[in-house]
Every structure is written in structure tokens, then in C-alpha cells.
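Peer 1: My questions will all concern the structure given below.
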Amino acid sequence: MDPSSSGIQEPFDLIRLSLSERVFVKLRGDREMTGILHAYDGHMNLIMSDVEETITIVDTESPEGSNVSVAKRKMDMLFVRGDGVILVSPPSRS
Amino acid sequence: MSFFGFEETDLEKEKQQFLHGQLRSSDTDDLTVYTWGEESYDGLGDALEEGGDERNNETFGSTGTVGKDFDFSAATLSGSENLQPKPSQPYNDQPLKSYASRPSESQVTRPPAASHVSLESIWDDNSPFSLRMNGAGRTSSPSSGRVQSPSTLQQPIGHGMKQQPGTRTLQEIEAEMRAAAERTREHTLQRQLLQQQQHRREEEEYRRQQQQQQQEMELELLQRQRFLQQQQEQQLQLQRLQQQQILQQREQQHHRTPPPRMLPVSQSPRFLEHQRLLLLQQQQEQQELLRLQQLEEQLRIEDLERQMRAQQISHHGGSHLDHDRHPSGPTLADMEALQLLQQQQQREILRGSQSPTKHSAHDNGLYMQQPNIQLQQRLLSELANTEFLREMQGLSQADQEVLRAEAMRKILETEKMEEKRRRKAAKIAHMSRYNDIMTQSDKDFITRIQVSQLVTQDPYADDFYAQVYGAIMRSRMGLGSDDERVLKFGTSGGIGLGVPQRGANRRPNAMQRMQQQVERIVSNARRREEEKGLHSLHSLQGALGKTSGRSYKAAPRQLLQVDSNSSPTLSHAQTHGHISHQNDNSSGDDAAAEAAKLGREALGEQHNAETSDLVRKDPLSRKEVLVTLEALYDLVLQLEQLKRNQAPPEDEQATAEWQNEFKSVLDQTWVLLKVMVPLATSDPHPFISILSIAKGKKLLPRLTRHLDNQRMLTLLTLLIACFSQLDVIRNAPFLDNPEDTPDHSEVERQTQAFLSGVIQSILPIIAKGSLRLISGLLGLLLDRNDVVAIAKTRPGLALLTLLLTRVEVIKESLHNATNIEELPSPEDAEQWQLMFDHLFQLLTPHFPFLFPSSRTIDAAAGHIKPGMDAPDQPVWQFLAALALHAVTEQHQILVTLLRDKVLDNVVSAKKGWVADEEERHAKLANVDLFLHALGLDSSQIAM
């Protein structure tokens, strides 16, 4: 399927394909999340549901070198402001 | 008192000194010098406008300038003393410097200072001044000798002129004054000269110092700087020369003020000159002031005389200006008394009262009359009140109290109301400042602007969510959902009106008004459009001949090959419109080739007829599916849009056009749905791939609504033929795993979507299907799929239950069927029984494992996890449906196989091995669901 026939002409079209689908979103501040994308706009503001957010915390202050810990939390519905979004992709398929 | 440098005790001291004849003549040296009448006198005083001063008293009040008391007293004094070399201003023994520092003030401020020193004492009998000044006639009448203000101070002169014929004329006084002034001036001049000389000496010293400095500097500084300094010096010297000239001039002019202390404040000679000029000006001003004051005094005296005369006349004539002010006296006697009083008072006022207290006492006596009337009125009303109260005496004291309380309460209430009303009124008044600032046309203009922003081509789609929400709200509120809250204007556009308001207050009115506004605007716009159409340039285009269209030889070479077909299909989906451009190119070719085959496969009868010309393909990739889905959504939206914009049935042409359009869009959708793609093209089938995504499952009910029965049957056949290809079937084992894995929740989500989406959309077809169709579908299902695997999934069970239930309904309808044609033929019944037996046979070994509770890992370990009753429930339901169709032998098989399961549930329910009542109830309900189908009940099972 070539791009012209698939109708993909701009990056946002790819995001449109993921509407009502589970997506992986990478955010600034070492945050990542997966959830079902419900809406987006030109600023990459996103409305997501059933979100699991993963925050990677690197603790450089700890005595035994840098210590990486991961915090997770779940939210039913979330508005993600676009300025924090680095990447939106379909979830990796194992 | 120390006022402007005068010592309070001065006057007293002076008096004492005077009385003892010790007044030193040397004191006079310090007196001011008046230079008018000198040779140097510039004559400016003569140029003054002397006229028009007669009314000064009226304009400025009769107080007049006060600076001349002392001159006057001095004059009279000197007159009586016969021009002794005595100070004209005896209090003034201050050094002249202070005088010069504030020349104008000294003239003006002296009188108040003097008056403060109790002028009364001056005029007092004991006072030597009064003795000398006025003689015995004056002192004999204390009432006439009252002196309160500077203006009245002059009064004795006028008075005296009347009463004392021997008084001197004004010319005499003036002459005396001039003589006195002359004397003092001479003294001060000498002083000035001394000061000037001293000053010059100082200046010279200063110059010497400067020169010294300059010499020192010259040693240190460069030649150029020296040159500059020399220049400066030259300039300075020049300036100094000028200064000296000015000084000399001044000496010639006999200026009396000393030059200012020439301290080396500033090096700039201009500064010095400026100061000097300022001083010059001051001196001149002083002179003029003096002259003016003298003139004023003269005029004042004349004026006072005139006034006195007029007053006397008026008093005697008895004509009063203020007479009519007090019409209080009702009787004639009163009037007369009042008049007398008034006369007295006026006289008092005019003469000026000696003691203010006395005056005010008179005043009060007079003015008390008016308040008295008010008092009387008040008293009368109070009397009336008491009388009223006395009438009320008949009532008991308690009643009165109650009444009073009531009255008080009412008064308070009314006061409160009044306050409230006033506040409201104030508020309204405050707001009403802006009333009528805008005219109606202004308002209309703004409304037009606002409304024009709201008008869109597609009001429904642009306001989609609000409209849908509004529809839901309306249905919930019990309103008719038929009327869309959209204002439409033919094809040109409209406005979404949003959710209707509950309360019927101002809003509906505003809405109606806006509606009217909009309609007017739109009709106006349309008319204008029509007019434009009539008289447009288009109609005249080419009337004067054609111009050559192209002035260039060839078009520039096209670099970009833009697909012209990719125009947006929906006005509201412009940004995404290109997606709706489907991939018919790829599918169109094969679709044509395979269309014939599909016809044969349609009902699944020849599902095995895989011909050689079948084009096998890879299954659709996920991305392809998603793209297709987006296109499908666009089409579905378009279909829904068309449905809403359905042309009215009266308009046949429009209806036909609409039908054509609708059909073309529907055909596009049908093609895109890929139902007609041959069964064996790929695994999973493209249509099944589309359903593998949640939004595809959700889309189906919205789409199938528009499909006709034939297409629906085709779709259903395809779905059942490829049922095991569905993701929900393939991934169903995930549901048997413990929960809370991403896969589990994803499959769960998909399953829910399938049950609510796909099953719901095929339900109406199956519910209307004939026995023949149902047995055909069951046969197809059994033939093409692993029915055991399907039966172990919730969607599969749902489908099977659906089919069995439909047949059950048909069987029941057999008994009370009236129409012979509706009855299924015996062959169909036979076919069905065959299919059912086959199904039963296939499922028999797996009955216990249909239950999700039996398939879990825990179950394998020999113990069933609690809380699995809800997932088991569809299985019980299916088994019940199965039992209904089963014959006796099949019943026995069922009971034998499910015996353990049933007993498990019943025992755990009856022995209380349950978490709560709810679970127990669920267990029993599940078992009974199945047992009832067999004609049994859980209560029959004995423990």
C-alpha cells in the first residue's frame, strides 16, 4: 500500500490511525505512559483513558552511585498537555 | 507676641517710654524710607490709573488696606504734638535689615500686629494716645468709641469730622506724613551708603582672592587653560565694571535698600547681575506699593465718610433692606417691636459691636423667633399624639404593649424595605447611566457580527457533540427528540442552537430574537446574492469581446504531481479528508474479478469451492486496517449526515438525487468493508481483520444500520464462516489466565467491544432468520470452525446461544402459527436436528470445560476460585438452551457430565461456603437456569 492510496500525508494522520487504540506516549521528565487515545489536537494535547504512567527516577544523590527507580500510577482519564509530549506510538508488539 | 520680628512688649514699652518722655530720637533712624516725591522718582505713580476706585469697598469689603494705621496715628499724634521729631511708627525699632528683607510684608502686616496689641487700650481713656488724639468728646461716649476692625478704625475720623469741626484736612495729614517720611528717609540713606561702601570693600577683597587663586592656578595649569581663564577674567572684569556702573547709578538714584550681601556664592557674574536686577525690581515695587497704599487710604477715608453718611440717613429714614426677612410677627405691635429690634441690631452690626457676646445675644434674641415656630409645631403634633394615646387608654396595658411592639416591628420592617428599595433604586440609577448609549441599530449590528460567526455550512457536524448531547438530554427530559436544535437555511448553512434550556425565562426569548435576526440576515444575504446574480459581472462578461486568455507561451513545468482526486469528502473533516480517499485502487481490481465467485459463496453453501483462480493475499497489516477504518468512519459519518439531510419526499428530484448520493456512498462503504473479498483470500479475512480492532467492532452497528438485508446476510455468513479467525476467539485463552496482565485486559476490552458491537449488529438478522437460515449458519459454523474452541469463548457461546434461542422461538411459534407459509418445511426441521445433533456430539466431551471457572489454573490444581459465577453464567445459559433442544438421551449425557459441576455449586451454596449472600444466590441461580431447562430445580437436590 503506497502512501498516496493509504491517505497518509502528514504526521498527524498516523496519530489519527491510533484513535481509540492503545498508544505509548513518551513525555518530558522521564515519563512514559500507555493508554487509549481518545482525542488529540495540533498541539499534541491528548485525551487518554485507562492510562498507566511510568516515571523513571534517577537518584544521583544516593551513596552507592546512581540509583534508578521506577514509579507507576494509573488513571482512568487523563488530559495530557501537548508541550510535554515527545513521542506517540502504537504500543510495541511482542 | 513676636510677629514678623516685632516684640510684643514693644508697644507697651513704647507707651511707657512715651509717657515718661524718654522716647529716644535715635530710634527713628531705623525707620523705613519712602522715596516718592524725590528727584529720582520715576513718575510711575502718576501714570497709575486713579479712577474707578470708588467701588473698591463694595468689591473687596469695607476692610480696606490696613497699613496706614500708624501713619494715621502718627499723623494725628504729630498733629496734636505739633510735629515733634518723633517716630511715625513708634513700635518699629527693629533694624532696617529685616525691613529690607521683606519690604512688602512690613507694610501689610503691621496693622494686624498693631490691632492685636489691644487697640482698645490705645483708645482707652487712660491711654495717653487716646487722650492726645481724640479729646474729651470721644472718650465720653464708650459705645461710639468701639474699635474692632481696621475698617472701623477709620470710623472715628468720619465721625469726628461730623462731630468735631476742628479736625484737620487730608492734605494736612498728608503733608505731615510726607515730612515725617522725609526725615526717616534721610537717616536710612546714610545707612545705605555706609553699607554699600562696606559691600564694595568686600567685593574688592573677593576679587583679590580670586586673582591670587588664579595666579596659583596659572602655575599649575597649561597655557591654554590659562588663556581661557584670562578670558574669563576679562569677562569678569567687564562684568564688574558694569556692576560698578550700576552701583554708581543707584547711588545717584538714592536707592534706599542696601545691596545684597555679595557672598561669592556663584562665580557667574550674570548671577550677581540678576540678583541686583531683582533687588531693583523689588525696590520699585515697594515704592509703587507705598504710593498705592496711600492712594487707597485716601479713597478709603472718603468712602467711609460716604458710607457713614448713607447709614445715618438710612437709619433715620427707617428703610431697611433686611426688613422683609422676618415676617414672623403676626400682629402689628409685634411687627413694630421687631422693627425696632432689627433697627437696633443693624445699627449694632454696622457700627461694629464692642463686645461680640453682646452682639450675639441680640442676634439670638432676634433669630430665635423662627425656631420657636418650629418648636411650637412639634409640640402641637406631640400633643395630638398624646391625645391619641389617651384615647387608646381604653385598651389594657398589655394590649398597648403588644400594639406598640407591633407598630415598632412594622416601622422597622418598612424601614428595612425602604432601605432595600433605595438600594435597588440606587443600583438601577447607577446602571442606568449607560442606558441608551447604544441604539437599536448598534445592537443589531453587533448581533449580526456575533451571529455571522456562528453560521456554518454544516451546523450539525460542527456542533456535533453538543447536538448529540442535546439529543440525549432531550430524550431524558421527555421532550420530542425529533426536532434538531439546528437552524437551517436551505443549503447555505445554519446555526447549532445547543441544548434547550430548562427554565422558560429570558433565554427562550433571546433565542427567538436571535433566530429572527439570523433569518433576516440570511434572507438579506440571499437577496443580495440574487441581485448580484442578476447584475453580476458574469452576465456582462465577454460582452465587449474576448481578451486573449494567456499571455505566456507555455505553462511552467509542473514539478509536483498532486493527486487531484484527494479532495476532502467532508466539509467538516478537511484536515483528515485525505484519509477518506480509499484504497479502492488496490482492492478494486480483484473485487471485479472475484465478484462472480462471491455470489456463489454468499450463503456459504459452496464454501469449499476454492477455485484455482483465487488470488491469495497476505492478511491486512495493522496499519492497513487502521487506514481502512478511518476511511470507513469518514464514510459512515457521511452516511449519517446524508440521513439527516434527507430531502423531503415531495421533492422527487431532490429525493432521487439524494438516493443516488446515498447509494454511492453506501457502495463505497460496502466495498471498503471487504465483505465481498473471497473467503480464502487471506487468514484472517480482511473483514475479520477490520473487526480485530476495537473501533472496527464499534463501527459495525453504526454501519450495518444502513445496509440492506441481502448485504447483511452476506456479512453474517462471512462472519460465521470466519468466526474462529476473530481475534476474540483466538486470544480467548488469555482470559483464562490470571487477571491484571496487559493482554488479559486488552482481550477483555476487545471481547466487550465484540459483544456490544458485532453481536448486537447481527442480532436483528438472526432474530428474523428462518429455521433454514439458522441451520445453514450453524452448519457453516460447525464446518469451517473448531466449534469446541469457539464454545469455550464468550463470543462463541453468545453466538451459539443466539442461534439456539432463535430456533426455540421458531419451535414455539409452530404451535400457535396461523400462517402455513411461515411454518418451516419438514426438510428444514430435519436439517436443523441434524446440525444440532452434530453440535451436541462435538461438544459432549468438553461440557465441563466450557466453564471458565474450570479452565483456570486454580481449577487444574483441583480447586475452584471463588467469584467465577459471573463468567460461568453465559455457559449455564448456553447449556440451558442446549437442554431445551436436546432429546432424553442427550439430557442424560448432560446431567451425567455436569453432575459434579451442579453439585459443587449447590453444595457450596447450601453449606454456606460462600463469601456472601449474593454469591450464594448467583450460584443457585446459575444452576437453576440449567436445571429448569431439564425440568428440575436445585431444591430437589438432596444433600
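Peer 1: I'd like to verify a number: residues in region B:695-731 that are more than 14 Å from every other protein chain (Cβ to nearest Cβ), small (G, A, S) and closer than 29 Å to B:P742 by Cβ, how many?
Peer 2: Of the residues in that region, 1 qualify.
Peer 1: Which one is nearest to the other protein chains (Cβ to nearest Cβ) among residues in region B:620-651 that are under 23 Å from B:T704 (Cα atoms) and in a loop (DSSP other than H, G, I, E, B)?
Peer 2: So in region B:620-651, the residues under 23 Å from B:T704 (Cα atoms) come out as B:620, B:622, B:624-647.
Now drop any that are not in a loop (DSSP other than H, G, I, E, B), which leaves B:620, B:645-647.
Values: B:L620: 9, B:N645: 25, B:Q646: 28, B:A647: 30 Å.
Per the criteria, the residue is B:L620.
Condition check ((1) free of Cβ contacts under 8 Å to residues at least 24 places away in the same chain; (2) surrounded by 18 or more Cβ atoms within 10 Å (Cβ to Cβ); (3) of a type in the set (V, I, T)) across all residues:
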| position | (1), (2), (3) |
| --- | --- |
| B:L763 | no, no, no |
| B:S770 | no, no, no |
| B:S775 | no, yes, no |
| B:L778 | no, yes, no |
| B:I790 | no, yes, yes |
| B:L797 | no, yes, no |
| B:L804 | no, yes, no |
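Peer 1: Of all residues in region B:399-454, which are without any contact (Cβ under 8 Å) to a residue 40 or more places away in the chain and hydroxyl-bearing (S, T, Y)? Outline the logic, then answer.
Peer 2: Of region B:399-454, the ones without any contact (Cβ under 8 Å) to a residue 40 or more places away in the chain are B:399-443, B:445-446, B:449-450, B:453.
If the condition is that a residue be without any contact (Cβ under 8 Å) to a residue 40 or more places away in the chain and hydroxyl-bearing (S, T, Y), then B:T414, B:S432, B:Y434, B:T439, B:S441 are the ones that fit.
Peer 1: Across region A:69-78, what is the total count of residues that are loosely packed, with under 12 Cβ neighbours inside 10 Å and under 17 Å from A:G29 (Cβ atoms)? Spell out how you get there, then give the answer.
Peer 2: Just the residues of region A:69-78 that are loosely packed, with under 12 Cβ neighbours inside 10 Å, to begin with: A:69-74, A:76.
Those still in the list that are under 17 Å from A:G29 (Cβ atoms) too: A:69-73.
Residues flagged as loosely packed, with under 12 Cβ neighbours inside 10 Å and under 17 Å from A:G29 (Cβ atoms) within region A:69-78 amount to 5.
Peer 1: Also, quick follow-up: Which members of region B:740-781 meet the condition of being more than 14 Å from every other protein chain (Cβ to nearest Cβ) and touching a Leu at 6+ places or on another chain (Cβ under 6 Å)?
Peer 2: Within region B:740-781, B:V758, B:S761, B:I762, B:I765, B:I766, B:I774, B:L778 qualify.
Peer 1: Just name the residue that is nearest to the chain's Cα centre (by Cα) out of those in region A:45-68 that are more than 17 Å from A:K26 (Cβ to Cβ) and of a type in the set (D, E, K, R).
Peer 2: Filtering region A:45-68 for residues that are more than 17 Å from A:K26 (Cβ to Cβ) and of a type in the set (D, E, K, R), the one nearest to the chain's Cα centre (by Cα) comes out as A:D50.
Peer 1: Can we say A:G65 is loosely packed, with under 13 Cβ neighbours inside 10 Å, of a type in the set (G, A, S) and within 11 Å of another protein chain (Cβ to nearest Cβ)? Working first, answer last.
Peer 2: Working: loosely packed, with under 13 Cβ neighbours inside 10 Å: yes; of a type in the set (G, A, S): yes; within 11 Å of another protein chain (Cβ to nearest Cβ): no.
No; evaluated as a whole, the condition is false for this residue.
Peer 1: Confirm whether B:R784 is over 25 Å from B:K695 (Cα atoms) and of a type outside the set (V, I, T).
Peer 2: Working: over 25 Å from B:K695 (Cα atoms): yes; of a type outside the set (V, I, T): yes.
When the stated conditions are applied, B:R784 passes them.
Peer 1: Can you name every one of the helices (runs of 4 or more DSSP H) wholly within region B:424-514 that holds 3 or more residues which are modelled with pLDDT of 75 or more and surrounded by fewer than 11 Cβ atoms within 10 Å (Cβ to Cβ)?
Peer 2: Details: elements: B:440-454, B:459-462, B:464-477.
By residue number, B:440-454.
Peer 1: From A:V58, A:V88, which residue is modelled with pLDDT of 90 or more and either more than 11 Å from every other protein chain (Cβ to nearest Cβ) or in contact with a Phe, Trp or Tyr (Cβ under 6 Å, 6 or more places away or on another chain) (or both)? Break it down into steps so the answer makes sense when it comes.
Peer 2: Numbers: A:V58 fails: modelled with pLDDT of 90 or more.
That would be A:V88, the only listed residue that is modelled with pLDDT of 90 or more and either more than 11 Å from every other protein chain (Cβ to nearest Cβ) or in contact with a Phe, Trp or Tyr (Cβ under 6 Å, 6 or more places away or on another chain) (or both).
Peer 1: Does any residue in region B:732-748 that is modelled with pLDDT of 80 or more come within less than 6 Å, Cβ to Cβ, of a residue that is in a helix (DSSP H, G or I) and aromatic (F, W, Y) six or more places away or on a different chain, and which pairs are these?
Peer 2: B:D743/B:F734; B:H744/B:F734; B:V747/B:F734
Peer 1: Can you name the residue in region A:15-44 that is of a type in the set (G, A, S) and within 13 Å of another protein chain (Cβ to nearest Cβ) and is also nearest to the chain's Cα centre (by Cα) among such residues?
Peer 2: Step one: of region A:15-44, the residues of a type in the set (G, A, S) are A:18, A:20, A:29, A:35, A:39, A:42.
Now restrict to residues that are within 13 Å of another protein chain (Cβ to nearest Cβ): A:18, A:20, A:35, A:39, A:42.
Details: A:S18: 12, A:S20: 14, A:G35: 8, A:A39: 13, A:G42: 15 Å.
It comes out as A:G35.
Peer 1: On to the next question. Which condition number does B:D667 fail, the rest of (1) surrounded by fewer than 20 Cβ atoms within 10 Å (Cβ to Cβ); (2) away from every other protein chain (no Cβ under 14 Å); (3) modelled with pLDDT under 90 being met?
Peer 2: (3)
Peer 1: To continue, here is another question. Would you pick out the residues in region B:867-912 that are assigned to a helix (DSSP H, G or I) and either touching a His at 6+ places or on another chain (Cβ under 6 Å) or among the small types (G, A, S) (or both)?
Peer 2: Within region B:867-912, the first condition is being assigned to a helix (DSSP H, G or I), and the residues that meet it are B:869-885, B:888-910.
Within region B:867-912, B:A870, B:A880, B:A881, B:A883, B:S908, B:A909 meet the criteria.
Residues checked against (1) closer than 19 Å to B:L799 by Cβ; (2) in contact with an Asp or Glu (Cβ under 9 Å, 6 or more places away or on another chain); (3) among the polar types (S, T, N, Q):
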site: B:D667; (1), (2), (3): no, no, no
site: B:D683; (1), (2), (3): no, no, no
site: B:G696; (1), (2), (3): yes, no, no
site: B:F723; (1), (2), (3): yes, no, no
site: B:V747; (1), (2), (3): yes, yes, no
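Peer 1: Within region B:672-681, track down each residue that is in contact with a Pro (Cβ under 9 Å, 6 or more places away or on another chain) and either within 14 Å of chain A (Cβ to nearest Cβ) or closer than 10 Å to B:F754 by Cα (or both).
Peer 2: B:K674 - this is the single residue of region B:672-681 that is in contact with a Pro (Cβ under 9 Å, 6 or more places away or on another chain) and either within 14 Å of chain A (Cβ to nearest Cβ) or closer than 10 Å to B:F754 by Cα (or both).
The values are calculated or read from the model by the stated rules, or taken from the named source; none is laboratory data. It should be emphasised that the depicted structure is a prediction, and the values quoted were computed from it without experimental measurement. No Cβ is skipped: glycine too gets one built from the backbone with ideal geometry, and neighbour counts run over all protein chains shown.
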